[in-house]
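Asker: Before I ask anything, let me first share the structure, which is written out below as C-alpha cells.
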Amino acid sequence: MIDQYKHQQLRIGSVSPQQISTWANKILPNGERVGEVTKPYTFHYKTNKPEKDGLFCERIFGPIKSGICACGNYRVIGDKKKDRKSCEQCGVEFVDSRIRRYQMGYIKLACPMIRNETLSSHSLQPGCLGPDM
C-alpha cells in the first residue's frame, strides 16, 4: 500500500555555465584537465578514428573499445592493469567503454544559450519576457 502522506519531490531548474564545466571537467592521472570540446570534427576521414578534442574524443568521453587506448599501443585485459590508469601517449583512460554514455563534455560559447524545448509555450507570448529581453 502506498502511503499518501509521503511525497517525493523533484526540482527542475536551469544550471549555471560554471556548474556544467565542473561536471564535465576531469583530471587525467598525468594531471591534464580535459572536458572541453574545442574542435568541430567527429572522425578522421582516413583512419575513421575520433579526432582529438573533437565531438567524439576518447580522452574526454572515454575509450571506444574497453581497455584499448586511442593509439592502440596498450591493451588492458581484465584486471591486469600493471599500475597504469591511462596511456602516456594518447591520454585515454583504461576504463569500460560504457562510460561514454555518462561522461560529459562541454563547448564554450560566446554567450549562454537556452534550448527552445526548455521554454514553455506561455513564455513565448509577447510581453512575457520582460523589458530585459
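The values are calculated or read from the model by the stated rules, or taken from the named source; none is laboratory data. These numbers come from a predicted model, not from an experiment. FYI the Cβ positions are ideal-geometry reconstructions off the backbone, even for glycines, and counts take in every protein chain you see.
Yes/no matrix, rows are residues, columns are (1) of a type in the set (Gly, Ala, Ser); (2) surrounded by 13 or more Cβ atoms within 10 Å (Cβ to Cβ); (3) under 22 Å from Val34 (Cβ atoms); (4) at pLDDT 85 or above:
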residue: Lys82; (1), (2), (3), (4): no, no, no, no
residue: Lys85; (1), (2), (3), (4): no, no, yes, no
residue: Ile99; (1), (2), (3), (4): no, yes, yes, yes
residue: Gln103; (1), (2), (3), (4): no, yes, yes, yes
residue: Lys108; (1), (2), (3), (4): no, no, yes, yes
residue: Cys111; (1), (2), (3), (4): no, no, no, no
residue: Thr118; (1), (2), (3), (4): no, no, no, no
residue: His122; (1), (2), (3), (4): no, no, no, no
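Asker: Checking the condition modelled with pLDDT of 90 or more, among the basic types (Lys, Arg) and surrounded by 10 or more Cβ atoms within 10 Å (Cβ to Cβ), which residue from Lys65, Lys39, Lys46 passes?
Answerer: Values: Lys65 fails: modelled with pLDDT of 90 or more; Lys46 fails: surrounded by 10 or more Cβ atoms within 10 Å (Cβ to Cβ).
The unique qualifying residue is Lys39.
Asker: Of all residues being part of a loop (DSSP other than H, G, I, E, B) and of a type in the set (Asp, Glu) in the stretch 9-63, which is nearest to the chain's Cα centre (by Cα)? Just the residue, please. Quick ask: steps written out before the conclusion?
Answerer: Taking the stretch 9-63 and keeping what is part of a loop (DSSP other than H, G, I, E, B), we get 9-16, 25, 28-32, 35, 37-42, 44-49, 51-57, 62-63.
This time we only want the ones that are of a type in the set (Asp, Glu), so: 32, 51, 53.
Working: Glu32: 16, Glu51: 15, Asp53: 12 Å.
Step by step, filter the stretch 9-63, then rank; the result is Asp53.
Asker: Select from the stretch 84-115 the residues that are within 16 Å of Gln18 (Cβ to Cβ) and in contact with a Gly (Cβ under 8 Å, 6 or more places away or on another chain) and list them in ascending order.
Answerer: Answer for the stretch 84-115, where residues must be within 16 Å of Gln18 (Cβ to Cβ) and in contact with a Gly (Cβ under 8 Å, 6 or more places away or on another chain): Met104, Gly105, Tyr106.
Asker: A follow-up question, please. What is the number of the single condition among (1) touching a Gly at 6+ places or on another chain (Cβ under 7 Å); (2) at pLDDT 90 or above that Phe56 does not meet?
Answerer: (1)
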